[in-house]
Structure formats: structure tokens, C-alpha cells
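Values in this text are rule-based calculations from the coordinates and carry no lab data. For clarity, every value in this text was computed on a predicted model and none was experimentally measured. Glycine also receives a Cβ, built like all others from the backbone with ideal geometry; neighbour counts cover every protein chain displayed.
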Ligand code: MN
């Protein structure tokens, strides 16, 4: 699986020549110091590149055009050190097509009470200049992120870092290609959608293949390669035979190893970064891909069950956004399965038929072989584990017929009260914010699916910013959600996005 590019972000400072060369020299010096500090902070996942101060219409326009064509540039960070008349920015911004951060900061933290004079005020007037600059975005309906605060503060740097990840998710979205192995599950509504519109809005290419084409690729995998991978499985995971014959068990596991290798070759060769399967359409595959899909998700592939290509693409988007993150806790395809309704212990047991990504696991990971109640193939081998505790975000992208809506729920993951020894699948257990009742009611009013793309490592703010960049509606269910205003929000949104 190829990693996303080693992106950079340009840092462009706005000013004008009204205050003389000395002032402009200070502006350039200050912005270089800020860029250096940001790069040294260790808070940013990508490098910031300093650019010469923008003072004229012509230079602004040329810089944005260069940013558009520079393949490594994933976005521009702008800041008005002094006053920069915003009409100078109109043409450049009109032509600019990448993510933009308006960093509203100031070089000095404190007002220099003893020495401040009018020259200082004119030189350090971001409070003034950034308002003029911000106005033109609002006037022109241009999407941007605004972050306010002192550039040396860790919180500000962390927010810039988070925005960078969203920007990379925005840039990389149009490079996602989803491979559909079989169609959407018959009669299911929420996993359906307009693939042409998805390509227009998100840049996703969504293609279908007859299942036997990929099954042929699985059949071609050499026994020696399968044996090596099975060895890896046996050394890495616990083996829970549960009274099955060890030889027979190993054969079942080997089928998944063949699927993992065959699928990965097929996807690599055809340049797909996400895949869907369907238990009801397996062609000549011997087992529903379980362990194999779990391992592919761990490698960074997006996945959706039962033909759910929208969730598969979202899982891939979210995996890209968290790529290379230190201490990442994981990102997975997920499904709301069953509730605990005991007062004070409410929550949703999350799982899937088989396909939960092991990046979210905590503790030992085991292989089990169990029959599936659905489908008509051999008992598939799968990885079984429980998941980490902590905050996460669950995302559901739905097609409302005339538009897409991204529904986000902040959730708090917990350990289940007791182990579930008879359950042959990986699980997570979470409490939707603000609580199960309001969270589930709001989710259902919004039309959210049972499938989600879930991550411990992203926030609803990042996901909303991504949705804004894509030009689609997003709604957040979190500790501030209250049903009456949430229902009104859905109604108002239906007017806005008409
Ligand atoms: Mn499902």
C-alpha cells in the first residue's frame, strides 16, 4: 500500500508597501521566524515552507497559481502581518483550488506598553488586517479554515497540525479508487448511492468487477507464498482451535492467506485503495474474506461490507488523514450491532460479520474459525479481539437523493463489563455522545447508516472541515446535541443544500 505523498504547506504572509521597506523587512523576518518555530515544534505532521511576502495583486495571483500546480503543496497558510487590502487577493483566491488556512496570529504576544508607538501599531496590525482579509472569503463564499491564537502556543500548533491532516484528506480524496467485488446487498437502501455524484463531489472512482476475476487472482497464488504467510499468522496471533482439528484449522487459515495475497495483488495491479465484498456473492472464493480483509485494512485499505462503497472510501479517507500519526489508536470499518440497555451501563456493541481492523485492537489478537450464519461457503478464519478505550468519531456518509450528508458522532469507547467467550468476532463497545438515547435518536433522525467509518485519531472538527472542503452537508452529534435544535438544524440544512 503506497503511503500518501510527503506533502508541504506554503506559508504566505500578506502586507503592503504603504509603511516602507523597513516595515516590510520586519514582516519577512517575523514570518520566517514563525515558520521556523512551527517546523521545530514537532507538532506539525508536514513541513511548512516560507514564501516571500505577498503585497501585490500580481504576486498573489502568481503564488496561488504556483501552489495549484506544485504537486507537493497540499495547502497554503496565510496571515496578514499588516494591512493587506483584500481586493488584491480576489483574483488569486478565485483561481486557487487547494485547502487554505487563515492563521489569525500576531508576532508579539504582549503589547509593549513602555515603547509602543504608531509605527509599532502599523507594523503589527493583524487584528485589523486579518479582518479585511477574512471578509473577502466570506463575500466570495470561499471555503477556508480560520485558526486564531499565538503561534508559539502548543494548542495553536496542534490545531494547525490537525488542519494539515484534513487538508491532506481533501487532497488525497480525489486519488481514491474503490474496487467493488460484487454489487450492493439486495434491497439495502442506506449503503446505496450515486457513484457519478460521488466522483464529482469527492473525486472517487468506483468500479465493479465480477467476483471470479479476483477469485482467479487468488487461485494463482503459489502454495509457498501461502505457507509463509500462514507461518506469520501463527507466530503473530493466538490460535483458538476450540476443539477443531489443528490440521483442518490450518487449512482454513491458509485459505484466508491466499485471499490476502491474491486480493492485494489484484488491488495493487489495478491501483485501488479501497475494496468492498458481499457475503452473498462470493463466486469461486472458498470463504468470505475475513482475516484477509482485516489485514488489508491494517495495511491502509478502505473497506465496506455488503458492497458499501461509500463507507469503504470513507475508511480510506480517514486512514490517509491519520497516516504516520504517532501513537495512533486506529481506524476501522464498523457496524452498530446490539445494545446494552442496563441503566448506567448503556452502549452499543460494535462489530461486523468478520471485518474489523486490528489497528483498533487492545490486548491479544486471536484467530478463530467459525461457521457464518449467512452465505454458503466454508467456515472463514477471522481475527478476534476487543478494542481500546477512549474518545473516537464515527462517520456515516449517506446519499439523500439530491445530496450527500456526512453524519458524525463523538463516541466514548469502553471495555465491556465481561468477556464474551462465545462471540467469534472482534468488537468495540461505545457510548454515543451525549448519551445513548439522544445519540441514537439524533443519528436516526439524520438518516445515519448501521455501517460507519470509525477512528480514535480524528475529531468531528476535522471531519466537518473535510465535508466543507468537499462542499457537502455535515452534522455533528456530540455533548452539545439536543434533539429539538438538531431536528431544526436538519430542516434548515435541507433548505441550504437544496
Ligand atoms: Mn454490514
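One table, with the values for the structure above:
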item: Cα-based helix-to-principal-axis angle, 483-496 vs the chain, degrees rounded to 10; result: 70
item: Among 211-221, 138-148, the order from most to least packed when residues are scored by Cβ within 10 Å on average; result: 211-221, 138-148
item: Label-point gap, in nm, between residue 113 and residue 414 - each point 7 angstrom along Cα→Cβ; result: 5.0
item: Largest-first principal axis extents, alpha carbons of region 8-173, Å; result: 51, 34, 25
item: Proxy reagent accessibility, fewest Cβ within 10 Å first, across 318, 334; result: 318, 334
item: Full-extension gain in nm, residue 222 to residue 498, via 0.36 nm per residue minus C-alpha separation; result: 94.0 nm
item: Listed peptides 386-393, 201-208 by packing density, highest first (mean Cβ within 10 Å); result: 386-393, 201-208
item: Mean Cβ neighbour count within 10 Å, used as a protection proxy, ranking 223-235, 52-64, 15-27, 154-166 highest first; result: 154-166, 52-64, 15-27, 223-235
item: Mean Cα-pair separation over length for region 8-173, i.e. relative contact order, pairs under 8 Å, 6 or more apart, %; result: 28
item: When the convex hull of its Cα atoms is projected in every direction, mean area for region 129-204 (nm²); result: 8.2
item: Nearest 10 degrees, 0 to 90: helix 20-40 Cα axis against the chain principal axis; result: 20
item: Inter-label distance for residue 57 and residue 5, nm, one decimal - labels placed 7 Å from Cα along Cα-to-Cβ; result: 3.0
item: Mean separation of Cα contacts under 8 Å (6+ apart) over length of region 177-496, as relative contact order %; result: 18
item: 0 to 90° range, to nearest 10: angle between helix 246-269 axis and the chain longest Cα axis; result: 40
item: D_trans [Stokes-Einstein, Kirkwood Rh over alpha-carbon pairs] for the chain, 20 °C, 1.002 mPa s, µm² s⁻¹; result: 87
item: Label-to-label distance, nm, for residues given as residue 284 and residue 245 (7 Å Cα→Cβ offset); result: 2.6
item: Ascending count of other beta-carbon atoms within 10 Å, so fewest first, for 179, 357; result: 179, 357
item: Distant alpha-carbon pairs in region 1-101 (separation over 20 angstrom), percent; result: 39
item: Percentage relative contact order, region 303-394, counting C-alpha pairs under 8 Å, at least six apart; result: 20
item: Computed helical MRE - 222 nm, the chain, DSSP H runs ≥ 4 contributing -39500 (n - 2.57), nearest 500; result: -12500 deg cm²/dmol
